[in-house]
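Enquirer: Questions regarding the structure given below will be posed in turn.
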Amino acid sequence: MSTKLERTTFSASRAAEYFDARQLSTLTGTPVSDFANVVLKELVDNSLDACETAGVAPKVGIEVTQRLTEDGTPGGTRIRVEDNGPGIPSEVVRRVIDYDVRVSDKAAYRSPTRGAQGNALKTVIGIPYALGSREPIRVVAGDGVLHTIAPSIDPAGNVDIGHEESNGLPHNGGTTVQVQVTPAGDNTQDFHPLHLVRSFAAFNPHATFGYQGNTLYSETSEIYKSTRDTVKKYVPSQPTSPHWYSDESLKVLVFSYIAHARRGGTNLPLGTFVRQFAGLSSTDFEDHPERVGMLLTAMKAHAKEPKAASLGEVGKDHFRAFFESIYEVDEFKYAKCSSTLPSGLPYTFEFALATLEGPGHLYCGVNFSPTFGDPLEGTTLAGPEFKEGGIRGFLSRGYALPETDDTWFRTPASVAVAAHIVTPAPLFLDRGKTRLNMEGA
């Protein structure tokens, strides 16, 4: 007599997608070979946002170490980022390692902030594991607590996040994160930390960056000092404008507050929510989501529509100073234009070009943060004599960026170029948040 199989219905956590290279590539919109760049960008973005929100002039220290093993093969890549912000609360660290939820203070809002991935720190924790590194991630929180985070996954895909806390560390505030991105012997990353740090310096005139690089072939130490104590730009602590929302995007924000309250968070009174925009009042939405559209119409009618100038800019003087700190500059040109997208959202586009003694680099940024490629690749740019697709295409047509098989940001022509776009709620064409849709947004 055969034994009857009593099947068990198993459930598997989707958290494993954060620790699998192929799925992480989809989540971040970048190839596996760019994962080290993703880690560094997310950590510096977070540092700048934390400092700006606290009203502190950002000072960010970046250290990148690529060690050699005893037999001379490439060692792993380690990234360490520290800042002078208020420090990430230990409670937020504990929430970040809960992979059943996304933890973000940006995802539901529409504003010209750096990134809104909603899972940035989760990917920073998952990327090293996906690349084979088994060293724990170390985070020193604002209260001086050291969080040692060591993920592991069993063959069935079940994720376990080992987490230890150590108290009493000497600490001067801010947040420090150390990540061993790749294990020893891994030399597959197309990693350009110095260019990424320089790009942050190009688009953030109010910040100071210190870089210490100990790579396979060279040691580099550079400091990029702020050129302004403050900069006119939107910061995450500022209220958003109702004119930056559609009916659907405002519903996302409203029901994010409702879900937050259901999970034990503060139940924000409707009047308080509305006063974040224009000091209006209305009725409850949970049973009447169609009323969100009515509220948005009223808010737009009573709130003055912000102009592109309110979004902020890097500015001519900083771009000039940045180029002169790196290159021998013969001539410098700067142009800026502001307008609105087809969606009605405002934008500012800055373009700076320096003629040099030798080859230079291309720096691209969106909302004061570097991109991993040409953000206008899908956009037609028109000049007095010709039009071409994308920044690289336009520069190539003007003989300022000859074709090259090398890294995308290198310019064999004797020029350095910076292109920067600021806009609330940018519509991206890729999950890596690099290519913008400027024509159909």
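No lab work stands behind these numbers, since they all come straight from the coordinates. Everything numeric in this text was worked out from a predicted model, so none of it was measured. All Cβ positions, glycine included, derive from the backbone under ideal geometry; neighbour counts span all protein chains shown.
Enquirer: At a 10 angstrom cut-off on C-beta neighbours, averaged per residue, how do the peptides 326-334, 352-360 rank from highest to lowest?
Expert: On the way: 326-334: 14.2, 352-360: 18.4.
Ranking, from highest mean packing down: 352-360, 326-334.
Enquirer: Now, a different point. Between region 320-360 and region 189-219, how far is it from one alpha carbon centroid to the other, in angstrom?
Expert: The two parts, judged by their Cα centres, are 19 Å apart.
Enquirer: Past 28 Å, Cα to Cα: identify those pairs from Lys232/Lys387; Lys59/Lys122; Lys233/Lys333; Lys122/Lys336; Lys41/Lys336, in the order given.
Expert: Numbers: Lys232/Lys387 32 Å; Lys59/Lys122 24 Å; Lys233/Lys333 22 Å; Lys122/Lys336 36 Å; Lys41/Lys336 26 Å.
Over 28 Å Cα-Cα: Lys232/Lys387; Lys122/Lys336.
Enquirer: Please give the peptides 335-343, 45-53, 226-234 ranked by average Cβ packing (other Cβ atoms within 10 Å per residue), highest first, as a rough proxy for protection.
Expert: Going from most to least packed, we get 45-53, 226-234, 335-343.
Enquirer: Let me know the Rg and Dmax you get for region 315-428 when you use only its Cα atoms, in Å.
Expert: Looking at region 315-428, its Cα Rg and Dmax stand at 13.9, 42 Å.
Enquirer: Between Lys232 and Glu305, what length in nm is gained on full extension when 0.36 nm per residue of separation is reduced by their alpha carbon distance? Kindly include the intermediate steps, with their values, before the conclusion.
Expert: Values: separation 73, 0.36 × 73 = 26.28 nm, distance 1.78 nm.
So the chain would gain 24.5 nm between Lys232 and Glu305.
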